[in-house]
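> My questions all concern the structure below.
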Amino acid sequence: MASEVLSELYDKYKAIIKGNVELVGEVEVALKWISYFIAGRGKETSSVVAELAYSASNVLSLLNDAIIRRTAREMKLKNASEKSDGDKNVRNELSDVRLADVDCLRLVLTLIEYLEVFIEITSSRLFETRGKWFVVAIVQFLKAVIRSVLFLKYESGILHSPPVSPLTVLERKRMFEELRVQSNNHHENNTSNVQMSFVLKRSGRVIRTISSAPSVFGRTWKVPVSTSDASQLRHGVRNETPTELQRIQMVAEALHALRPFLHLIAMLWFGSKSWTQWFLALGMDVTSLRLMGDWTLLNAKEQGAMRLRTIALLYYLLRSPFYETLSK
């Protein structure tokens, strides 16, 4: 009974997202703005509430993006299953399970990154110093384990932060547009050979034929898109094909994955004011960047992640003890 109610609520929420993409995005932005107004109000709980609102906005965005991506994948698998049979179906199901495992780990890792600041602030209020650092150590250890599993077992390539990039409102609209295009093309393939459009001789304008027009509720009033154009649209939104890493690059990615946890251990061992923990973290980041080699062999998304890691080196100017000694 409970599962049926949850399934019904999920279907209703998915329909709301599909029909109100801009409104959903505005709600997510509103939650972030609320966190900005609450922060620094002077009350002891203001920082916790502000971080809770900010984290809730990120988690809500992650949930909405997951629903949109899952809807797109279900449509894609449905169209593929109708075109293949026999052993091909088995291979498709196995590959889909593997992809689901990778997506699940990425979602969990992204969720941890969205909530880690809130967890740290809350633990500092609930526990003493030792309890706080114990909770932070567990969070960093989980992140290191999940990242290691992703690039060692599933060969997910270079992971950026967050691992699941949030979709913009435009990208959400494009994904729903692609679903409508695939649905129209699928309907066209199951019927007789009907011409979708024709080109006016003098103006060159593309006009959709009446027989190939979808229903009024599913009509986009845009130029008909062919299957090849839809494929280009799909790959134009996000190219997420991971690059196969060499052995030395896997060592570099392992250094990047383990650096936060080892840095935390060094801080607990040598103290937060020690230069040892500062040089250890900086050395691991610089070594990881150097071992990665030529970035031009990576895809565009991975190159962006490497650029962000390079820019993040500037944060070491604000970390203790460098900040207290030199920057300040």
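The values are calculated or read from the model by the stated rules, or taken from the named source; none is laboratory data. Just so you know, these numbers come straight off a predicted model, no measurement behind them. Every residue, glycine as well, gets a Cβ built from its backbone with ideal geometry; the counts of neighbours run over all protein chains shown. Side chains are part of the model used for accessible areas, which takes the heavy atoms of the whole protein and leaves out ligands, DNA and RNA. Shrake-Rupley method; radii C 1.70, N 1.55, O 1.52, S 1.80 Å.
> For region 277-304, what are the residues that are open to solvent by 30 Å² or more (accessible area, probe 1.4 Å), over 14 Å from residue 256 (Cβ atoms) and over 26 Å from the mean Cα position of the chain (by Cα)?
Of everything in region 277-304, just one residue is open to solvent by 30 Å² or more (accessible area, probe 1.4 Å), over 14 Å from residue 256 (Cβ atoms) and over 26 Å from the mean Cα position of the chain (by Cα), namely 279.
> With the checklist (1) outside any helix (DSSP H, G or I); (2) on the phi < 0 side of the Ramachandran plot; (3) not β-branched (Val, Ile, Thr) in hand, flag the one item residue 293 doesn't pass.
Of the numbered conditions (1) outside any helix (DSSP H, G or I); (2) on the phi < 0 side of the Ramachandran plot; (3) not β-branched (Val, Ile, Thr), the odd one out for residue 293 is (2).
> Identify, please: which residue in region 131-170 is part of a helix (DSSP H, G or I) and modelled with pLDDT under 85 and is, among those, least open to solvent (accessible area, probe 1.4 Å)?
Our first condition is that a residue be part of a helix (DSSP H, G or I); within region 131-170, this holds for 131-152, 169-170.
Retained after the next criterion (residues that are modelled with pLDDT under 85): 169-170.
Values: 169: 57, 170: 100 Å².
Ranking the qualifying residues of region 131-170, first place goes to 169.
> How about region 20-42: which of its residues are open to solvent by 60 Å² or more (accessible area, probe 1.4 Å) and of a type outside the set (Val, Ile, Thr)?
First, pick out the residues of region 20-42 that are open to solvent by 60 Å² or more (accessible area, probe 1.4 Å): 20, 22-23, 26-27, 29, 32-34, 36-37, 40-42.
Of everything in region 20-42, those that are open to solvent by 60 Å² or more (accessible area, probe 1.4 Å) and of a type outside the set (Val, Ile, Thr) turn out to be 20, 22, 23, 26, 32, 33, 36, 37, 40, 41, 42.
> Then there's this: Starting from region 101-125, keep only residues that are over 14 Å from residue 159 (Cα atoms) and open to solvent by less than 50 Å² (accessible area, probe 1.4 Å), then list their pairs with residues that are outside any helix (DSSP H, G or I) and at pLDDT below 90 whose Cβ atoms are within a distance under 9 Å, requiring at least 6 positions of separation or different chains.
Going by the 9 Å Cβ cut-off, the qualifying pairs are 114/162.
> May I ask you to list the residues in region 134-175 that are touching a Phe, Trp or Tyr at 6+ places or on another chain (Cβ under 9 Å) and either touching a residue at least 24 places away in the same chain (Cβ under 8 Å) or among the small types (Gly, Ala, Ser) (or both)?
137, 140, 141, 143, 144, 157, 158, 159, 162
> Step by step: first the residues of region 265-290, then only those that are in a helix (DSSP H, G or I) and of a type in the set (Ser, Thr, Tyr), then the one that is farthest from residue 325 (Cα to Cα). Which residue is that? Walk me through how you get there before you give the answer.
Kept after step one, since they are in a helix (DSSP H, G or I), are these residues of region 265-290: 265-270, 275-290.
Okay, now just the ones that are also of a type in the set (Ser, Thr, Tyr), so 276, 287-288.
Values: 276: 14, 287: 24, 288: 26 Å.
Step by step, filter region 265-290, then rank; the result is 288.
> Among 4, 22, 51, which is the only one that is over 22 Å from residue 115 (Cβ atoms), touching a residue at least 40 places away in the same chain (Cβ under 8 Å), assigned to a helix (DSSP H, G or I) and out of contact with any Gly (no Cβ under 6 Å at 6 or more places or on another chain)?
Working: 4 fails: touching a residue at least 40 places away in the same chain (Cβ under 8 Å); 51 fails: over 22 Å from residue 115 (Cβ atoms).
After applying the criteria, what remains is 22.
> Can you name the residue in region 237-253 that is part of a helix (DSSP H, G or I) and open to solvent by 30 Å² or more (accessible area, probe 1.4 Å) and is also nearest to residue 168 (Cα to Cα) among such residues? Can you show your working first?
Filtering region 237-253 down to residues part of a helix (DSSP H, G or I) leaves 237, 247-253.
Adding the requirement that they be open to solvent by 30 Å² or more (accessible area, probe 1.4 Å) leaves 247-248, 250-251.
On the way: 247: 35, 248: 34, 250: 31, 251: 33 Å.
Among residues in region 237-253 that are part of a helix (DSSP H, G or I) and open to solvent by 30 Å² or more (accessible area, probe 1.4 Å), the one nearest to residue 168 (Cα to Cα) is 250.
> I'm checking my understanding of the structure. Among residues of region 305-328 that are surrounded by 13 or more Cβ atoms within 10 Å (Cβ to Cβ) and assigned to a loop (DSSP other than H, G, I, E, B), which one is nearest to the chain's Cα centre (by Cα)?
So, considering only residues that are surrounded by 13 or more Cβ atoms within 10 Å (Cβ to Cβ) and assigned to a loop (DSSP other than H, G, I, E, B), the one nearest to the chain's Cα centre (by Cα) is 319.
> Can I ask one more? Looking only at region 25-48, which residues are closer than 17 Å to residue 172 by Cβ and either over 23 Å from the mean Cα position of the chain (by Cα) or in contact (Cβ under 8 Å) with a residue 60 or more places away in the chain (or both)?
Selection gives 25 alone.
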